[in-house]
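Single-structure report; data block below.
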Amino acid sequence: MIEDTKRILSDLIAFPTVSADSNLEMIAYLADRLAGCGAKVDIQTDETGRKANLFATLGPDCDGGIVLSGHSDVVPVTDQDWTSDPFVMTERDGRLYGRGTCDMKGFIAATLAMAPTFAQQVQDKPVHFAFTYDEETGCIGAGQLAQSLIAREIKPRLAIIGEPTEMRVIEGHKGCCEYTTRFQGLEGHGSAPDLGVNAAEYAVRYVSRLLDLRDRLQGMAPETSRFEPPWTTINVGALHSGSVHNVIPPKAQIDWEMRPVQTSDADFVKDAMTRYCNDVLLPAMRRVHPDATIETEVIGEVAGLVPTEVNEARQILLELTGVNGTDLVPFGTEAGIFQSLGMDVVVCGPGSINQAHKADEYLALDQLAQCLTVLEKLGHKLKRSH
Ligand SMILES: [Zn+2]
């Protein structure tokens, strides 16, 4: 099984499905293989027609069953120093190197390698495969997938999201909210700052306010929080503005994110920033230039995975993996979206998040083998209802 999985993974790595680009070729490949095992395959394209989700079902057309889910997109390799071609899977020292090996084509390859076996084992409850687009840019594909499951009244009972957890069973993570804030000021000569509206300076004040809030959030963590760190975090990921020394930059853009441990924290930050813009920054900008604006675009607001008292997926995965407890993780996944559809959800997949998004991303072969063992055990369970 591991050799099959490696071959499939090597094929998947060769599709350069960076979030900005099309994933259609990879989706067609996945669809082909799943249809070949007898799965019913549904492909949903986005409005551009360049990206698609795949939802495939083995077994009966009924409620219940399990979803095996992964995202098809990967983060860019720009400005990263790779030892070998990131889109050619390379095996060295018991590791498979390549962009997306651990995050998270390894899991997808393992489920695909198991699909023919699942097709034999599946009985009264279906096994679904959900492969999405644009997870890395805000779980956009999973949002569309959720809408379509609601519309088609498909109600799976359980979901495993195969993000890299080193096969630990994860029952909770923070939400992930991403924003782009754009400033429109007024261009001018550097020698006359008062005659322009310097978008870079207003952007810096905005960032400074975000950092103040970040400090305050540290004191707002719920006492029972098991998250690491226990509080809501904020990160400023990019700041763009200006061109040369002596021109007042008329535009600026900040890409930032927060990872709320509770919804109230997200509301607190959004309210505070809206008030700061409306009460302080905009009036100052508009004194010089009435058309000045600050606009925040929501790139994605992804729900957290909230740990719950009863979680059948947790129970099953604890049994199959043999680990004796669950964990939480600080990174976001699509799990909260599946949870919002009423499923019991865990995040559990091969590889370590420490290797994700970095140069020389790799998946250790023993991780892949562990994942296959768990999926094989899951296959035996398919004969029983859940
Ligand atoms: Zn991922």
In the list VAL204, VAL169, which residue meets the criterion of being touching a Cys at 6+ places or on another chain (Cβ under 7 Å) and either without any contact (Cβ under 8 Å) to a residue 24 or more places away in the chain or not acidic (Asp, Glu) (or both)? VAL169
Leading residue by the ranking (nearest to ALA199 (Cα to Cα)) among those in the range 239-263 that are surrounded by fewer than 20 Cβ atoms within 10 Å (Cβ to Cβ) and in contact with a Lys or Arg (Cβ under 8 Å, 6 or more places away or on another chain): LYS251
Set THR117, THR165: member being among the hydroxyl-bearing types (Ser, Thr, Tyr), in contact with a Leu (Cβ under 9 Å, 6 or more places away or on another chain) and farther than 23 Å from ASP46 by Cα: THR117
For the range 341-374, name all the residues that are of a type in the set (Gly, Ala, Ser) and within 16 Å of the ligand (Cβ to nearest atom). GLY349, GLY351, SER352, ALA356
Any residue in the range 324-341 that is over 15 Å from CYS177 (Cβ atoms) sitting within a Cβ distance under 9 Å of a residue that is assigned to a helix (DSSP H, G or I) and modelled with pLDDT under 90? List the pairs, counting only those 6 or more apart or interchain. none
Filter the range 1-56 for residues that are more than 19 Å from VAL127 (Cα to Cα), among the polar types (S, T, N, Q) and crowded, with 17+ Cβ neighbours inside 10 Å and give the result. SER10, THR17, SER19, SER22, ASN23
Inspect all residues belonging to the range 2-9 and state whether any of them is free of Cβ contacts under 8 Å to residues at least 12 places away in the same chain and closer than 23 Å to ALA119 by Cα. yes
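Taking the options ILE299, ILE337, name whichever one is in a strand (DSSP E or B) and either surrounded by 15 or more Cβ atoms within 10 Å (Cβ to Cβ) or not aromatic (Phe, Trp, Tyr) (or both).
Values: ILE337 fails: in a strand (DSSP E or B).
Result: ILE299 is the single residue among ILE299, ILE337 that is in a strand (DSSP E or B) and either surrounded by 15 or more Cβ atoms within 10 Å (Cβ to Cβ) or not aromatic (Phe, Trp, Tyr) (or both).
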Picked from the range 329-340 (must be within 15 Å of the ligand (Cβ to nearest atom) and of a type outside the set (Val, Ile, Thr)), the residue modelled with the lowest pLDDT is PRO330
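The values are calculated or read from the model by the stated rules, or taken from the named source; none is laboratory data. Bear in mind the structure is a predicted one, so any value in this text is a computation, not a measurement. Neighbour counts run over all protein chains shown; Cβ positions are idealised from the backbone, glycine included.
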